[in-house]
Amino acid sequence: MLLTVLGAAFLASIADLSGLFLFWKKGWAKKYSNLLVSFAAGALLAAAFLELLPEAIKNGGSLSTVLLGIIFFYLIERVIFLYHCHDGKCTIHTFSWVMLIGNTLHDFVDGVIIALAFIVDPGFGMVTALAVIAHEFPAGIGEFGVLIHGGFGEMRALFYTVLTILATPLWALTAWLLASQIEPVTGTLLALAAGGFIYIAAVDLIPETHQEFDRRRSIMQGVLLILGILVIDVVGKLLGR
């Protein structure tokens with residue numbers, strides 16, 4: 001089971017490198033990133049409401065903890081951007097460094113979530129890992145692009161990106177090894193994770209889709225958001241969730 005956990009965490013890390021490959025094909029990143037964001041938003045919402053939340057409540061979590069998770073992720077993002085912008089002006093180079101810090105923290109949370117989900121149930125772990133991977137793929141596109149535009153060369157951006165994504169498998173392993181200490185608070189942590197998924201989808205991803213004004217692509221975004229929900233739902237049912 002440990003190999004499965006580490007495998008899922010590494011897949012999430014590889015998905016975070018998507019920006020590298022699509023940035024070399026600059027037209028691909030610009031053309032398809034919003035569509036991928038729509039799919040990821042649907043997958044995260046479905047994972048939060050159909051998988052994480054029921055398991056959290058079953059293991060002693062509460063709706064108030066979900067709300068706390070949303071507030072926690074909001075405060076993290078506010079702190080990051082507070083030190084990024086001054087007098088209404090934001091320097092891209094500064095944002096690049098701040099984004100790396102925030103991305104490392106996010107990858108740490110992803111690793112713990114994946115491990116906890118597998119501890120609760122292997123099928124639950126697979127569904128949760130799929131949602132994390134679906135989110136990391138479009139996120140990686142934007143992250144790598146920000147580093148390049150912030151003055152990083154391609155190799156330097158790749159180096160720092162690889163350093164940050166190592167947090168996912170590292171903390172997945174840590175959470176697995178400390179399972180006996182973590183298990184009593186699994187419900188609480190899953191509820192916090194559900195809040196985080198809801199926040200990321202509703203605050204960071206879905207607003208990005210509103211930047212698209214082409215009618216055909218807007219329809220595709222709506223379809224892909226629903227598809228993201230259906231994929232998580234179907235995978236969950238196939239795994240006996």
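The values are calculated or read from the model by the stated rules, or taken from the named source; none is laboratory data. Because the structure is a prediction, the values reported are computed rather than measured. Glycine gets a Cβ as well: all are built from the backbone with ideal geometry, and neighbour counts include every protein chain shown.
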- Item | Of residues in segment 205-235 being free of Cβ contacts under 8 Å to residues at least 12 places away in the same chain and of a type outside the set (A, V, I, L, M), the one nearest to Gly69 (Cα to Cα) | Pro207
- Can Ala172 be described as modelled with pLDDT of 85 or more and out of contact with any Pro (no Cβ under 6 Å at 6 or more places or on another chain)? yes
- Note on the structure: In segment 178-228, anything among the hydroxyl-bearing types (Ser, Thr, Tyr) and touching a helix residue (DSSP H, G or I) at 6+ places or on another chain (Cβ under 9 Å) is listed as Thr186, Thr188, Tyr199, Thr209, Ser218
- Query: Has segment 191-208 got at least one residue that is surrounded by fewer than 17 Cβ atoms within 10 Å (Cβ to Cβ), modelled with pLDDT of 85 or more, over 24 Å from Gly7 (Cα atoms) and among the small types (Gly, Ala, Ser)?
  - Reply: yes
